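*Asks:* Structure below; questions to follow.
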Amino acid sequence: MSNEAIEKVHVLIIGSGPAGYTAAIYAARANMKPVLYQGIQPGGQLTITTEVENYPGYPDGIQGPEMMVHFEKQAARMGADIRYGLATKVDFSKRPLRVEIDEEKWIEADSVIISTGASAKWLGLESEQRLNGFGVSACAVCDGFFFKGREVAIVGAGDTAAEEAVYLSKLCSTVHMVVRRDQMRASKIMQERVLNTPNIKVYWNSLTDEVLGEHKVEAVRLLNTVTKEKQDIPVSGFFVAIGHEPNSGIFKEFIDMDETGYIKTIPGTTKTNVPGVFAAGDVQDKNYRQAVTAAGSGCMAALDAERYLTAEGLA
């Protein structure tokens, strides 16, 4: 490919959740002419969320997809160049940084902000996907409030599942915790918290056979792997807490990550091990995973990128 065919941009933002759009807003206001590619899920995980009640500035709550339309419109109004397309390959071995879009065109960038997010892992049940947003959720902190005083089920056995079960126990009348084996993977302290919480009931050696309900979750059917017995438990909410997978695969060759694929950033910044490449939002945050923290780190990434470009004489 000749150099003439390669588009050159100042700041390239990959991904379009709260982190990506906030980075675009700040970068555009700083006259950095950002180009943002929306990726496989424009708007990110919030587009599969229904009611968002915990984002500041929306006193009556807002639908997730509608909120992401607001983010996109604001970024566009500031002058961000927002495009539909997927980053499929990168080459961060030399300057300028290179990113391939849709396996067909390469872009050269002075700086890159990675905000590709993370995807919740699901059990793979048809009923789970059909009722997603209608009682099925992968985020207890986001959606637990809607089930105040009601019975819910949660699937998982790690620290996140244990933490979310304890969180839900403070809001819900009973939390039915479904654990696949005869023990949890969670740390000892988290296991103790679960087992010492009177309104958490643990079902050992159990799999979710089906989520029951026509238009909303009404019950969950469990299968005991030892006795082979099935049992229906009436619940209003069904939480899946079997982990998240950061969407970081294409950066593996160049960017430092932890063992699960979350991008490592220098603490207190969004800087990666490659100068000029920054990471924001859920792709580098396995602790909080909230829209507001993702937006905050998107702001940080734009400011970090601006300082980098200025220091390099590229601003």
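*Asks:* Need a quick list: strands (runs of 3 or more DSSP E) entirely within segment 190-293 having at least 3 residues that are under 26 Å from E163 (Cβ atoms).
*Replies:* Values: elements: 200-203, 206-212, 219-224, 230-234, 237-240, 244-246, 277-279.
Correct list: 200-203, 206-212, 219-224, 230-234, 237-240, 244-246.
*Asks:* Report, by residue number, each residue of segment 168-189 that is part of a helix (DSSP H, G or I) and surrounded by fewer than 17 Cβ atoms within 10 Å (Cβ to Cβ). Don't jump to the end; show me each part of the working.
*Replies:* Applying the first criterion (part of a helix (DSSP H, G or I)) to segment 168-189 yields 168-169, 188-189.
Answer for segment 168-189, where residues must be part of a helix (DSSP H, G or I) and surrounded by fewer than 17 Cβ atoms within 10 Å (Cβ to Cβ): K188, I189.
To keep it simple, each residue is scored yes or no on (1) closer than 22 Å to T88 by Cα; (2) assigned by TED's automatic domain parsing to the domain that holds N54; (3) modelled with pLDDT of 95 or more.
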| position | (1), (2), (3) |
| --- | --- |
| F254 | yes, yes, yes |
| Y262 | yes, yes, yes |
| G281 | yes, yes, yes |
| N287 | no, yes, no |
| A291 | no, yes, no |
| S297 | no, yes, yes |
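*Asks:* Could I ask something else about it? Name the pairs: first residue in segment 100-112 and free of Cβ contacts under 8 Å to residues at least 24 places away in the same chain and in the same structural domain as L303 (by TED's automatic domain parsing), second residue polar (S, T, N, Q) and assigned to a strand (DSSP E or B), Cβ to Cβ under 7 Å, at least 6 apart or on different chains?
*Replies:* E100/T88; D102/T88; E103/T88
*Asks:* Identify, please: which residue in segment 57-84 is hydrophobic (A, V, I, L, M, F, W, C) and closer than 24 Å to G133 by Cβ and is, among those, surrounded by the fewest Cβ atoms within 10 Å (Cβ to Cβ)?
*Replies:* V69
*Asks:* How many residues does segment 203-226 contain that are surrounded by fewer than 19 Cβ atoms within 10 Å (Cβ to Cβ), within 27 Å of the chain's Cα centre (by Cα) and either among the aliphatic types (A, V, I, L, M) or over 19 Å from R130 (Cβ atoms) (or both)?
*Replies:* 3
*Asks:* OK, next. Is one or more of the residues making up segment 60-77 part of a loop (DSSP other than H, G, I, E, B), in contact (Cβ under 8 Å) with a residue 24 or more places away in the chain and more than 21 Å from the chain's Cα centre (by Cα)? Please lay out each step first, then the result.
*Replies:* Residues of segment 60-77 part of a loop (DSSP other than H, G, I, E, B): 60-61.
Subsequent filtering for residues that are in contact (Cβ under 8 Å) with a residue 24 or more places away in the chain retains none.
Among the residues of segment 60-77, not one is part of a loop (DSSP other than H, G, I, E, B), in contact (Cβ under 8 Å) with a residue 24 or more places away in the chain and more than 21 Å from the chain's Cα centre (by Cα), which makes the answer no.
*Asks:* Working only within segment 28-49, note down all residues that are surrounded by 18 or more Cβ atoms within 10 Å (Cβ to Cβ) and out of contact with any Ser or Thr (no Cβ under 9 Å at 6 or more places or on another chain).
*Replies:* A28, A30, P34, V35, L46
*Asks:* Assess whether A165 counts as being outside any loop (DSSP other than H, G, I, E, B) and either surrounded by 13 or more Cβ atoms within 10 Å (Cβ to Cβ) or assigned by TED's automatic domain parsing to the domain that holds C142 (or both). Full working, then the answer.
*Replies:* Details: outside any loop (DSSP other than H, G, I, E, B): yes; either surrounded by 13 or more Cβ atoms within 10 Å (Cβ to Cβ) or assigned by TED's automatic domain parsing to the domain that holds C142 (or both): yes.
Yes.
The values are calculated or read from the model by the stated rules, or taken from the named source; none is laboratory data. Everything numeric in this text was worked out from a predicted model, so none of it was measured. Cβ coordinates were reconstructed from backbone atoms using ideal geometry, including for glycine residues, and neighbour counts include every protein chain displayed.
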